[in-house]
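The values are calculated or read from the model by the stated rules, or taken from the named source; none is laboratory data. Every value quoted in this text rests on a predicted model; they were computed, and no experiment measured them. Cβ: placed from backbone, ideal geometry, glycine included. Neighbour counts: every protein chain shown. Heads up: the accessible areas ignore ligands, DNA and RNA and are worked out on the full protein's heavy atoms, side chains in. Shrake-Rupley method; radii C 1.70, N 1.55, O 1.52, S 1.80 Å.
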Amino acid sequence: MKYTVLVVEDERDQRRALIERESAGFEVAGEAENGFEALELTETLEPDLIITDIRMPMMTGLELARRVRQLRPMVQIVILSGYDSFEYARTAIEYNIISYLLKPISPAELTDELKEIHRKMDEKLGSVLTAPNTDLKLQLHRLSVNEFLLPLMLGSNEEKPDESALFSR
């Protein structure tokens with residue numbers, strides 16, 4: 001399965017380098033240079049994964065993670081940090097971060113880490129999707145999981161209002 005990713009990094013060159021790492025089953029859905037922009041994009045793009053720098057102006061990556069957890073609890077988050085700080089790592093664990101990577105990170109290390117993150121995400125989804133189809137009741141249950149629970153878990157089950165209906169009101 002291909003997952004979408006939002007890249008959040010305040011330094012343009014590093015953001016470009018991360019975006020160019022479009023591999024291991026991820027497709028870059030968007031990019032942001034600060035946490036506020038990333039929060040808005042999270043609502044509109046509904047990414048499966050967010051890769052964020054830990055220290056940015058206006059809103060840190062940890063604050064972004066805290067807010068994303070409230071907004072879309074199933075979005076996976078990777079923290080990139082140039083700081084080998086126990087306090088940062090402890091806070092990241094509180095927000096159920098899928099990975100905490102220290103900069104600088106080589107392209108090969110990043111690719112390997114993305115493959116491992118993809119495997120973990122597949123595993124989480126696989127536990128929901130892999131049920132044997134032995135009878136009609138089980139098939140109906142599986143259909144409800146795929147059509148209702150899975151989009152809800154991925155944060156993409158919000159009803160989109162019909163703009164013409166809103167305009168007429």
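For this structure, a couple of remarks:
- Candidates in segment 82-97 are the residues that are part of a helix (DSSP H, G or I) and open to solvent by 100 Å² or more (accessible area, probe 1.4 Å); of these, the one that is farthest from D48 (Cα to Cα) is F86.
- Residue check for E20: at pLDDT 90 or above and either polar (S, T, N, Q) or open to solvent by 10 Å² or more (accessible area, probe 1.4 Å) (or both): no
- Per the conditions (1) without any contact (Cβ under 8 Å) to a residue 12 or more places away in the chain; (2) aliphatic (A, V, I, L, M); (3) open to solvent by 60 Å² or more (accessible area, probe 1.4 Å), the sole criterion not satisfied by M58 is (1).
- Of the helices (runs of 4 or more DSSP H) contained entirely in segment 1-78, those carrying at least 3 residues that are out of contact with any Lys or Arg (no Cβ under 7 Å at 6 or more places or on another chain) and farther than 19 Å from Y95 by Cα fall at 12-19, 35-45.
- Considering residues of segment 98-140 that are among the β-branched types (V, I, T) and open to solvent by 90 Å² or more (accessible area, probe 1.4 Å) only, the residue modelled with the highest pLDDT: T130
- Single residue of segment 38-55 satisfying the filter (among the charged types (D, E, K, R) and surrounded by fewer than 18 Cβ atoms within 10 Å (Cβ to Cβ)) that is nearest to D84 (Cα to Cα): R55
- Selected residue [touching a helix residue (DSSP H, G or I) at 6+ places or on another chain (Cβ under 7 Å) and closer than 26 Å to L125 by Cβ] from I19, I54, I93, I79: I79
- Only a single item in (1) open to solvent by 30 Å² or more (accessible area, probe 1.4 Å); (2) touching a residue at least 12 places away in the same chain (Cβ under 8 Å) is not met by D13, and it is number (2).
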